[in-house]
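> Sharing a structure below in structure tokens format, with a few things to ask.
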Amino acid sequence: MAYKNLPANHVTDFLSNDGVTVLDMRDEHSFKSGHLDGSLTASDANMKSLIKSGKHDLPTLIYCYHGNSSRDLASFFVALGFSQVYNLEGGWEAWKKYQQLETLIIQNNDINRWIQKHGFDANNLNNRIENGMSPIMTAVIEGNIKILQILIENNADLNLLNDDENNALWFACFKEDMTSIDILIKHGINIDHQNINAATALIYAASAGKYTVVEALITAGADINKATLDGFNALDSAATLPILKLLKPLTAAA
């Protein structure tokens, strides 16, 4: 009798069996960084405990980094009389790649359903619908962070403009969605873009009394001196006293 190789795509089903023992041969740091559910480190103490348990007929899965060293340990347990010994084919690295592929498939399914729902072109993440709204803008308006992140990961253009020449940051500021604002800025959206009236997101936020948004934009480096076609900057447009007090010393310093 010999051990069997277990492909990464069979691991989840395998772990659902009763009485499964899983031994992780990697170092302690790697184990702490991530391991299969229910795994034990393949320490001398854990292996001795398993051998003494007498449960040699229950499934035992062994894995290492790439599925090489685990073969020897699997053979060792077979020689001791264990009847259901499995080696994770390709090791932890194969499992990680499988998990990444599964995540990608799930993301693709999610984004495809979302795109179809909103009438976008599944083959073009930068196409636009009514009023020039892009997928990125629509996700921001919905507050759909998951879809927003998937779109960004798939290289959707952050800086597309709608019919009023607003980019996605404008809509994030309108919604006062600080998470979306942070994501868009970190991924390089033009924070100082000026729309059809030459208003920036900062000018809009100041005029709308959105203090938290104004503060976040300033912290991220928004230009406080940009002005609209009528010559009004963020300070001129401040709708509340707190925003005025926030902007005034900064404008004077500039």
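Laboratory data are not the source of any read-out in this text; all were calculated from the coordinates shown. From a predicted model like this one, the values you see are computed outputs, not experimental measurements. Neighbour counts are summed over all protein chains in view; Cβ atoms, including those assigned to glycine, are modelled from backbone coordinates with ideal geometry.
> Using a simple spin-label model with points 7 Å from Cα along the Cα→Cβ vector, what separation in nm is obtained for Lys117 and His66?
Once both label points are built, they end up 4.3 nm from each other.
> What ³J(HN,Hα) values, in whole Hz, does the Karplus curve 6.51 cos²θ - 1.76 cosθ + 1.60 give for segment 84-97 when θ = phi - 60°, with x put for Gly and Pro?
After applying 6.51 cos²θ - 1.76 cosθ + 1.60, I find 10, 9, 10, 10, 6, 5, x, x, 4, 5, 5, 5, 4, 5 Hz.
> Within segment 176-196, name every residue whose backbone N is under 19 Å away from a label modeled 7 Å from Cα of Asp164 along the Cβ vector.
Once the point is set 7 Å along Cα→Cβ of Asp164, 176-178, 181, 190-196 turn out to lie under 19 Å by backbone N, inside segment 176-196.
> Give the Rg (one decimal place) followed by the Dmax (whole number) of the chain, computed from C-alpha coordinates and expressed in Å.
Radius of gyration, then largest Cα-Cα span, for the chain: 27.8, 86 Å.
> Hey, another quick one. In nanometres, what is the gap between the two model label sites at Thr212 and His56, each 7 Å from Cα along Cα-to-Cβ?
6.4
> While we're looking at this one, here's another question. Normalised by the number of residues in segment 74-137, what is the relative contact order in percent for Cα pairs under 8 Å and 6+ residues apart?
That works out to 14 percent.
> Based on C-alpha coordinates, I'd like the Rg and Dmax of segment 121-253, in Å.
Computed over the Cα atoms of segment 121-253, radius of gyration and Dmax are 14.7, 49 Å.
> To continue, here is another question. Students often check this: by mean Cβ neighbours within 10 Å, which of 178-187, 152-161 ranks highest, and how do the rest follow?
In descending order of packing, they fall as 178-187, 152-161.
> Got the relative contact order for the chain handy, in percent, Cα pairs under 8 Å and 6 or more residues apart?
11
> Oh, and also: Please go through the residue pairs Lys4/Lys55; Lys146/Lys245; Lys146/Lys248; Lys52/Lys97; Lys96/Lys175; Lys186/Lys226 and name each one whose alpha carbons sit more than 28 Å apart in this structure.
Lys146/Lys245; Lys146/Lys248; Lys52/Lys97; Lys96/Lys175
> Could you tell me the distance between the Cα centroids of segment 152-166 and segment 73-125, to the nearest Å?
Using only Cα atoms, the two centres lie 31 Å from each other.
> Then there's this: Treat each spin label as a single point 7 Å out from the Cα along the C-beta direction, and report the Glu28 to Lys96 distance in nm.
Between Glu28 and Lys96, the simple spin-label model gives 2.1 nm.
> Taking only DSSP H segments of four or more residues, each worth -39500 (n - 2.57), what value at 222 nm results for the chain once the sum is divided by all its residues, to the nearest 500 deg cm²/dmol?
When only DSSP H runs of four or more count, the value is -14500 deg cm²/dmol.
> For segment 4-96, what are Rg and Dmax over the alpha carbons, in angstrom?
When restricted to the Cα atoms of segment 4-96, Rg and Dmax are 11.9, 32 Å.
> While we're here: In what sequence, highest mean first, do 76-89, 34-47 appear when ranked by Cβ atoms within 10 angstrom? Numbers along the way, then the final one.
Numbers: 76-89: 18.6, 34-47: 14.5.
Output ranking for 76-89, 34-47: 76-89, 34-47.
> As I understand it, the value is the acute angle between the Cα axis of helix 241-253 and the longest principal axis of the Cα atoms of the chain; what does it come to in degrees, rounded to 10?
80
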